[in-house]
Every structure is written in C-alpha cells, then in structure tokens.
Amino acid sequence: MSEPIKIAYLYEDLMNTYGDSGDVKILRYLLKERGYDTTVTNVSLGDEFNANDYDFLFFGGGQDFEQTVVAKDLQRHRETIKNYIEAGKPMLCICGGYQFLGTYYKMSDGTVINCLNILPLHTVFKADARMIGDTKFITQFGPAQAFENHSGRTYFDDKEKLKPFGTMVEGYGNNPEDGVEGMRYKNVIGSYSHGPLLKNLNIAKGIADLIVQNHQNRVANDKKVAVTA
C-alpha cells in the first residue's frame, strides 16, 4: 500500500466556518477513490509545524475574534508556509485563511491586524456593507457555484504576480469593484467560497491532481534522502 497523503489543516478548531471542513472531506473521498489513504493533522495554537512534511495545506475561515487569536500565533509559521508556497506546492485557503496570506486586514474599528505578508494583497472590513449570498463564477477548472458571507474586501497590490481564481458571473467575490473571485498564485488558491467550495467536483478533482503530484514528488525525494543517508 502506498504511503498516506498528508494533509495539514491549519487551526481546524478555530477556522472552520460555514462548513469549510467539507472541502477536506471531499478531497479525502476523491483521493481514496484513487487508492490513497490520507491523514489530517490539526495544526493549532502552540503546535510545531513544518509545511514541507505535508502534501497539502488547508486553511479555512473564522469569525473576527478567532482570527485575532490565530493572527498572534500564526507568525511563527510564516517562513515554512512561504517556502512551501514558493516551491509550488498545493494549498487552499478559504475566507479568513485567504486573507491571512496578505499583508494586513483592517478591522471595522480601524484596528490593523498584521498578516503573513507572503502575498501582495490586503483586506479592509466594511461592517455596514456585508457581501452575502449565492455566487457563480468561472475558473480555470470550469464554472463554479458557491456561497459567500464576508465583510472583508480583498484587493491585489500586484496584479502581475497574483491572478484571480475566478471571474464573477453572480455575486461579489473579492470586492464589489473588481469582478473577480479569489486568488491564484502558483499552486495556491484563495477563495471567499463556502458551501463548501469543493462541492464543485471539477475544482476538487483539479486540486486532487495537484495533491497527488506533490505527494509523489515528496515520497520520491524522501527515498533519495534515505538512500544517500
């Protein structure tokens, strides 16, 4: 039997709003169909974490209070997450998890929360103009439908480096002005889509392909290290 695929769920106990854990369950089902067992590790407050030990990172959304708690702990993991991302390894970030990849998010009361500053994007909260409802958008994997519920408006600070995950057909996406949903950088996807997002099996299967490829690369590298040790 092949080595299990290793998934790290960042702050599962704090960042799991609107059924985001369903994304992980769907991926595990699809990977099982392909003959792979999976293990899921909850990386939470105070835990040690090396992203390169895993084949896939998942980071869900949370409420404002939980996000402020996570923000204080998350900085410990900046370098390992950044290295994982820059190596082209797959990661899916939903809502708050997506926002955390950027430079900062500005709360409704004006408080600025520093994020990981890995990708050139930022988020501003508008509590009096919440974006909520069903969405439709077009991605590189094809059409998608989901549900959004957020006050945060996310903006790209470098539109050459970051590309939208999708083009809006219905709903708001990142913000009311840009007409796009989420972000794609290398093999990292950020999205405001709940529901969960991966009920869109075209997207789920595309991400599963990336996970399997990364898993195969990691296992091959581990074997090389073992031979030369």
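The values are calculated or read from the model by the stated rules, or taken from the named source; none is laboratory data. Model, not experiment: these values are computed from the prediction. Glycine gets a Cβ as well: all are built from the backbone with ideal geometry, and neighbour counts include every protein chain shown. All accessible areas refer to the heavy atoms of the entire protein, side chains included, with ligands and DNA or RNA removed. Shrake-Rupley method; radii C 1.70, N 1.55, O 1.52, S 1.80 Å.
Below is a table of values for the structure above.
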{"quantity": "Per-region count, segment 1-53, residues of a type in the set (D, E, K, R), assigned to a helix (DSSP H, G or I) and surrounded by 16 or more Cβ atoms within 10 Å (Cβ to Cβ)", "calculated": "2"}
{"quantity": "Matching residues, segment 162-209, being buried (at least 20 other Cβ atoms within 10 Å of the Cβ) and of a type in the set (Asp, Glu)", "calculated": "GLU181"}
{"quantity": "Some residue of segment 213-224 being open to solvent by 10 Å² or more (accessible area, probe 1.4 Å), under 23 Å from TYR84 (Cα atoms) and within 17 Å of the chain's Cα centre (by Cα)", "calculated": "yes"}
{"quantity": "Residue count, segment 135-154 (criterion: open to solvent by 40 Å² or more (accessible area, probe 1.4 Å) and out of contact with any strand residue (DSSP E or B) (no Cβ under 6 Å at 6 or more places or on another chain))", "calculated": "3"}
{"quantity": "Residue in segment 56-73 that is at pLDDT below 95, polar (S, T, N, Q) and over 24 Å from GLY152 (Cβ atoms) present", "calculated": "no"}
{"quantity": "Checking GLU181 against (1) over 23 Å from ALA51 (Cα atoms); (2) modelled with pLDDT under 95; (3) not β-branched (Val, Ile, Thr), the condition it does not meet", "calculated": "(2)"}
{"quantity": "Enumerated helices (runs of 4 or more DSSP H) restricted to segment 59-126, each holding at least 3 residues that are open to solvent by less than 30 Å² (accessible area, probe 1.4 Å) and β-branched (Val, Ile, Thr)", "calculated": "78-86"}
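For (1) more than 23 Å from SER108 (Cβ to Cβ); (2) over 16 Å from the mean Cα position of the chain (by Cα); (3) among the hydroxyl-bearing types (Ser, Thr, Tyr), each residue gets a yes or a no:
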| residue | (1), (2), (3) |
| --- | --- |
| LEU30 | yes, yes, no |
| TYR36 | yes, yes, yes |
| LEU45 | yes, yes, no |
| ASP53 | yes, yes, no |
| PHE58 | yes, no, no |
| GLY61 | no, no, no |
| VAL69 | no, yes, no |
| LYS72 | no, yes, no |
